Amino acid sequence: MLKQFFIICSGSDTDILAQCSKGEQNKYAGIGATVFFTAVMAFIAASYALYTVFNTLFTAVFFGLIWGLLIFNLDRYIVSTIKKTGNVIDELIQALPRIILAIIIAVVISKPLELKIFEKEINQVLLEQKNDLTLANKTQIASQFTPKITLLQNDILSLENDIKSKETEVNALYDTYIAEAEGTAGTKLLGKGPVYKEKREKHDAALAELQQLKTLNKTKIDAIETQISKLQEDYETQVTATQPIISNFDGLMARVNALSKLPWLPSLFIFMLFLAIETSPIFAKLLSPKAAYDFKLDDQETALKTIVLQNKNQREALLKTDYAINDRLYSDIENDEELYAYKRKKAREIMQLQTDAFYKQQKHVL
């Protein structure tokens with residue numbers, strides 16, 4: 001039963017093959033088995049590839065099954081349409097388009113399986129790419145916020161410098177009135193005289209201005225720091241919002257690109273393996289000599305072609321004869337006086353009716 005199933009998979013005529021030897025049947029059973037297992041590999045490869053896209057097992061298996069059946073049908077068609085003619089050049093010419101199609105199918109089947117075989121290495125490449133994308137994403141987002149934060153920090157620094165400048169001025173006034181009181185500078189008179197009081201009042205006024213400036217600048221600094229905190233929160237929010245996009249950067253195209261960054265030789269051998277599997281039924285038929293099945297199939301097709309040609313020739317001869325008979329028939333009745341008189345009578349009646357109808361129409365108009 002399994003042998004019969006593989007023979008059906010080969011696309012051969014089971015009725016003709018049943019009349020052939022066991023060896024001939026085994027050959028086509030082997031070809032059919034190759035077609036079947038190629039379709040199974042196509043189903044597995046497509047299911048895995050679609051699972052990386054949809055992340056749903058049922059959907060991946062469903063569409064993978066459809067893809068496997070499609071590949072099975074294509075392979076079966078490719079093998080069944082190669083006819084043994086005995087002429088190597090003719091056979092290669094008719095097999096060339098099928099070989100090209102087989103190469104395309106081999107690429108489509110092998111690539112998803114390569115992704116699965118080298119999954120760990122691909123994950124490593126994707127991890128490095130994700131890290132690079134994360135750093136680049138943070139840098140890109142920071143470029144939107146850093147200039148604003150820098151300007152605000154410069155404003156804080158400017159306000160702090162104003163306070164420091166005022167403190168320096170107040171300290172200088174303090175040293176001045178203290179030196180005046182000690183008699184080490186200014187009038188150099190020991191004691192708190194009028195000059196001392198004047199300098200002390202100037203210092204106290206500057207000190208009050210300093211306290212007012214600190215209060216005012218602190219309010220401004222607090223407001224600016226609030227803006228900076230808000231910008232930093234927006235930066236973190238945007239980084240957090242965009243990170244899932246980077247984390248999910250492991251789709252089918254990303255994995256194919258990551259696979260291209262790995263050494264090419266293992267991928268080439270896997271592709272060559274599937275290419276050999278996919279083209280093996282074609283080359284098996286090309287390399288095998290013309291055997292009993294091919295002769296019987298050729299005999300059946302030739303017989304059918306002969307019958308079709310005979311029927312076509314008979315129809316053409318029948319049509320030609322019918323034309324000749326019709327020509328003779330109408331030639332014979334061309335000079336028939338009775339037929340002429342009859343047609344003359346009918347033509348006269350038609351003209352009378354046309355005249356009467358025209359008269360009635362004109363009368364109605366007037």
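All of the numbers you see were taken from the coordinates with simple rules; none came from a lab. Quantities reported herein were computed from a predicted structural model and do not represent experimental measurements. Note: ideal-geometry Cβ built from the backbone for every residue, glycine included; neighbour counts use all protein chains shown.
Per DSSP helix of 4 or more residues, -39500 (n - 2.57); summed, then divided by the residues of the chain. What does that give at 222 nm, rounded to the nearest 500?
Values: 11 runs with 320 residues, N = 366.
Computed mean residue ellipticity for the chain: -31500 deg cm²/dmol.
With Rg and the Kirkwood Rh both taken from Cα atoms, where does Rg over Rh land for the range 45-157? Don't jump to the answer; show the numbers that get you there.
Details: Rg = 26.2 Å, Rh = 19.1 Å.
Ratio of gyration radius to Kirkwood radius: 1.37.
Top mean-square fluctuation among L57, L319, L157, Gaussian network model of the chain, C-alpha springs under 10 Å?
Result for the chain, Cα springs under 10 Å: L319 fluctuates most.
Calculate, in nm to one decimal, what N161 and S260 gain on full extension: separation in residues at 0.36 nm each, minus their alpha carbon distance.
Details: separation 99, 0.36 × 99 = 35.64 nm, distance 5.72 nm.
Length gained, N161 through S260: 29.9 nm.
Which of the trypsin sites (Lys or Arg not before Pro) across the range 281-316 are loop residues per DSSP, with 11 or fewer other Cβ within 10 Å?
Details: sites: K285, K290, K296, K305, K312, R315; in loops: K290.
Here no trypsin sites (Lys or Arg not before Pro) fit, given the DSSP loop and packing criteria.
Be a star and scan the range 74-97 for residues whose amide nitrogen sits under 20 Å from the point 7 Å along the Cα-to-Cβ vector of L309.
Within reach of a label on L309, which here means backbone N under 20 Å from a point 7 Å along Cα→Cβ, the range 74-97 contributes 83-87.
Net charge within 11 Å of F145 by Cβ-Cβ distance, Lys/Arg positive one each and Asp/Glu negative one each, not counting F145 itself?
Details: positive: K138, K148, K230; negative: E233, D234, E236.
Overall, the nearby charge balance is 0.
Here are labelled values, (i) 32.4; (ii) 20.9; (iii) 22.2, and one is the computed Kirkwood radius over Cα pairs in Å for what I pasted. Which one?
Entry (i).
State the answer as a single residue: which of T81, H364, N26 lies farthest towards the positive end of the charge dipole of the chain, with beta carbon charges of +1 for Lys and Arg and -1 for Asp and Glu, about the Cα centre.
Looking along the dipole axis, the top candidate is H364.
From the residues L353, L309, A324, which one has its Cα farthest along the dipole of the range 309-365 in the positive direction, the dipole being from +1 and -1 charges on Cβ of Lys/Arg and Asp/Glu about the Cα centre?
L353
Sum up the charges of everything whose Cβ sits under 14 Å from the Cβ of I104, counting Lys and Arg as +1 and Asp and Glu as -1, but leave I104 out.
Values: positive: R98, K111; negative: D75, E278.
Combined, the nearby Lys, Arg, Asp and Glu give 0.
Along the charge dipole of the chain, which of M253, F72, T56 sits closest to the positive end, that is, farthest toward it, with unit charges on the beta carbon of Lys, Arg, Asp and Glu (+1, +1, -1, -1)?
F72
Hey, for a label at Q227 modelled as a point 7 Å past Cα toward Cβ, could you say which residues of the range 139-171 have their backbone N under 15 Å away?
145-160
Just to be sure I understand the rule: take each whole DSSP H helix in the chain, project its Cα atoms onto its long axis, keep it if the span is 27 Å or more and its mean Kyte-Doolittle hydropathy is at least 1.6. Which ones pass?
264-287
Considering only Cα-Cα distances, which of the following residue pairs are longer than 29 Å: K199/K220; K84/K312; K312/K343; K84/K305? Walk me through the intermediate numbers first.
Details: K199/K220 31 Å; K84/K312 27 Å; K312/K343 40 Å; K84/K305 17 Å.
Beyond 29 Å between Cα atoms: K199/K220; K312/K343.
When the dipole is taken about the Cα centre of the chain, and only Lys, Arg (+1) and Asp, Glu (-1) are charged at their Cβ, what size is it in debye, to the nearest 20? Each step should come with its number before you reach the end.
Working: 42 positive and 44 negative charges, 158 e Å.
Dipole about the Cα centre, nearest 20: 760 debye.
Rounded if a/c is under 1.5, else prolate if a/b beats b/c, else oblate: with a ≥ b ≥ c from the C-alpha gyration tensor eigenvalues square-rooted, which is the range 309-365?
Details: a/c = 9.48, a/b = 2.51, b/c = 3.78.
Oblate, because a/c is 1.5 or more while a/b does not exceed b/c.
I'd like the FRET efficiency for Q362 and Y330, computed as 1/(1 + (r/R0)^6) with the beta carbon distance as r and R0 of 45 Å, rounded to 0.05.
Once the sixth-power term is evaluated, E becomes 0.65.
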